[in-house]
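Below is one structure, written out as structure tokens; comments come after it.
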Amino acid sequence: ETGVTQSPTHLIKTRGQQVTLRCSSQSGHNTVSWYQQALGQGPQFIFQYYREEENGRGNFPPRFSGLQFPNYSSELNVNALELDDSALYLCASSRGTDLYEKLFFGSGTQLSVL
Amino acid sequence: GENVEQHPSTLSVQEGDSAVIKCTYSDSASNYFPWYKQELGKGPQLIIDIRSNVGEKKDQRIAVTLNKTAKHFSLHITETQPEDSAVYFCAASTIGGGADGLTFGKGTHLIIQP
């Protein structure tokens with residue numbers, strides 16, 4: 001088990017609502033990345049946070065936003081939820097942003113949008 | 001952007017036999033290739049990784065090979081055991097490092113038959 005914790009574990013929302021997912025990084029890690037994993041697919045990169053700022057972003061619209069706090073924990077916010085947002089959202093922490101830094105994933109938040 | 005193809009989608013082997021999972025990537029700038037194992041209800045766990053300046057890496061029963069010319073890399077598991085049953089993902093990352101995120105394949109469901 002990694003030291004990355006995510007909450008909540010499961011969440012059900014209605015289309016058009018907003019949701020906030022939370023992540024606590026592993027001790028000693030200052031970088032957090034978020035991934036979306038649709039059923040039967042590999043994880044897809046949403047964005048990365050380093051020093052409380054977005055450090056890189058995948059192909060996701062602006063209604064996906066995030067925060068990183070001084071203790072390196074992070075939030076993922078999704079506005080105007082769509083049915084296709086239903087997925088497992090994974091948080092991963094690492095010691096830095098270097099190419100070869102290993103990512104340690106949490107168990108994820110399963111989001112269902114009805 | 002990078003595209004990673006993974007085969008097969010499902011692989012069933014007898015306990016004690018070897019398993020091989022293959023991936024190809026499209027971006028010749030990719031130079032870091034990790035493999036993750038995901039068990040039901042858990043996040044992906046890094047099992048082995050390889051850098052582009054290395055052709056092969058081994059860790060006990062697990063090995064990874066990389067052919068940069070052909071842009072493909074493979075995971076080899078020998079003497080398979082029941083606890084090897086899981087979904088395995090290959091991934092690739094470019095020089096941009098963590099800020100560009102990892103690009104994952106769609107996964108291989110490995111089933112170890114007793």
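The values are calculated or read from the model by the stated rules, or taken from the named source; none is laboratory data. For clarity, every value in this text was computed on a predicted model and none was experimentally measured. Cβ placement follows ideal geometry from the backbone for every residue including glycine, while neighbour counts extend to all protein chains displayed. Surface areas here come from the heavy atoms of the whole protein model, side chains and all, with no ligands, DNA or RNA. Shrake-Rupley method; radii C 1.70, N 1.55, O 1.52, S 1.80 Å.
Annotations
- The set of residues in the stretch A:88-114 that are surrounded by fewer than 23 Cβ atoms within 10 Å (Cβ to Cβ), within 16 Å of A:Q37 (Cα to Cα) and out of contact with any helix residue (DSSP H, G or I) (no Cβ under 9 Å at 6 or more places or on another chain) comprises A:L88, A:F104, A:S107, A:T109, A:Q110, A:S112.
- Of all residues in the stretch B:91-103 being small (G, A, S) and in a loop (DSSP other than H, G, I, E, B), the one that is nearest to the other protein chains (Cβ to nearest Cβ): B:G101
- Scanning the stretch B:72-90 turns up no residue that is open to solvent by 40 Å² or more (accessible area, probe 1.4 Å), within 7 Å of chain A (Cβ to nearest Cβ) and closer than 25 Å to A:F60 by Cα.
- With respect to (1) touching a residue at least 24 places away in the same chain (Cβ under 8 Å); (2) touching a Lys or Arg at 6+ places or on another chain (Cβ under 7 Å); (3) assigned to a strand (DSSP E or B), the lone exception for B:L75 is condition (2).
- All positions within the stretch B:100-114 that are under 13 Å from A:Q36 (Cα atoms) and either small (G, A, S) or in contact with a Gly (Cβ under 8 Å, 6 or more places away or on another chain) (or both): B:G101, B:T103, B:F104, B:K106
- Test set (1) part of a loop (DSSP other than H, G, I, E, B); (2) without any contact (Cβ under 8 Å) to a residue 60 or more places away in the chain - B:K106 fails condition number: (2)
- Leading residue by the ranking (most open to solvent (accessible area, probe 1.4 Å)) among those in the stretch B:37-46 that are within 14 Å of the chain's Cα centre (by Cα) and facing another protein chain (nearest Cβ under 8 Å): B:Q45
- Residue ranges of strands (runs of 3 or more DSSP E) in the stretch A:1-55 with at least 2 members facing chain B (nearest Cβ under 8 Å), open to solvent by less than 40 Å² (accessible area, probe 1.4 Å) and within 30 Å of B:L110 (Cβ to Cβ): A:31-37, A:44-50
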